[in-house]
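A quick write-up on the structure given underneath.
The values are calculated or read from the model by the stated rules, or taken from the named source; none is laboratory data. What you are looking at is a predicted structure, and each value in this text was computed from that prediction instead of being measured. Cβ sites come from the backbone with ideal geometry, for glycine too, and all protein chains shown count toward neighbours.
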């Protein structure tokens, strides 16, 4: 069985590609390495360096390989920044996705698995978020992600292309890019700790977030194509419910290290719930969709 994973050299994509290899699939990774690394690829993967925004490359790749399934993770994730790079955002996150969808339709792909984002919900007042929560994106990144979701719905109706949509939330774990200063507090804290710098808290530390461990969600995504009942559905991914906040999370870190904390109050509520219970549950096809969030303004 031949499978394409876009963005497969990145954090989440490389874990999914590895899980697919474990299951004996023939895996091709398409990645431009703008955010990924070839070192993330396990043995047995066929790597193609290139961009999903190149329709000639995409069409040629599909025609030569006859993929049965596509996992689409390639994206430029920059929620707040996306307001100021609209052309770049929509070219990479929407037009590039359409190139893949077109090629999937034209070559008879069985199912298109799309990694969307919690950003499609925006700062919804409805908590906890479920798959029934109305979507109302507040930035260009979320709009692009929602646009791809809607395009997949239309393509099922018009061309019978099956799809599965996953919306991960604050995924952390091995191969995470800890050099990013602006996204994912786990990586930010790790970077500061490794450099012997104090951990920075924005706001008063009472704000909460939810995290998902990559080792929990990657196997679920890899297995999803084996269950036809999952087709045409959307799922939210997050940690099991455990309420906490930045202050208590930092306290646990400090109890086990010699790190310091630098408090800052001039940027606002940016940080997160430390939830280390790594169990993903399934109930009525909602994959641990309970989110403990007091401020959904960032780090989606």
Open item on the list: Just to confirm my filter: which helices (runs of 4 or more DSSP H) fall fully inside the range 1-118 and include at least 2 residues that are closer than 21 Å to residue 165 by Cβ and modelled with pLDDT of 95 or more?
Closed with: 11-22, 55-65, 96-107
- [ ] Sort out which residues of the range 148-194 are touching a helix residue (DSSP H, G or I) at 6+ places or on another chain (Cβ under 7 Å), without any contact (Cβ under 8 Å) to a residue 40 or more places away in the chain and over 29 Å from residue 99 (Cα atoms), and write them in order of number.
- [x] 178, 179, 181
Open item on the list: Here is a list: 29, 42. Which entry is assigned by TED's automatic domain parsing to the domain that holds residue 224, buried (at least 24 other Cβ atoms within 10 Å of the Cβ) and over 14 Å from residue 221 (Cβ atoms)?
Closed with: 29
Open item on the list: What's the total number of residues in the range 101-139 that are within 18 Å of the chain's Cα centre (by Cα) and closer than 30 Å to residue 20 by Cβ?
Closed with: 15
TODO: Go over the candidates 248, 231 one by one and state the one that is surrounded by fewer than 18 Cβ atoms within 10 Å (Cβ to Cβ), modelled with pLDDT under 75 and touching a strand residue (DSSP E or B) at 6+ places or on another chain (Cβ under 6 Å).
DONE: 231
Open item on the list: Among the residues that make up the range 87-97, is at least one of them touching a helix residue (DSSP H, G or I) at 6+ places or on another chain (Cβ under 7 Å), in contact (Cβ under 8 Å) with a residue 60 or more places away in the chain and either assigned by TED's automatic domain parsing to the domain that holds residue 6 or surrounded by fewer than 23 Cβ atoms within 10 Å (Cβ to Cβ) (or both)?
Closed with: no
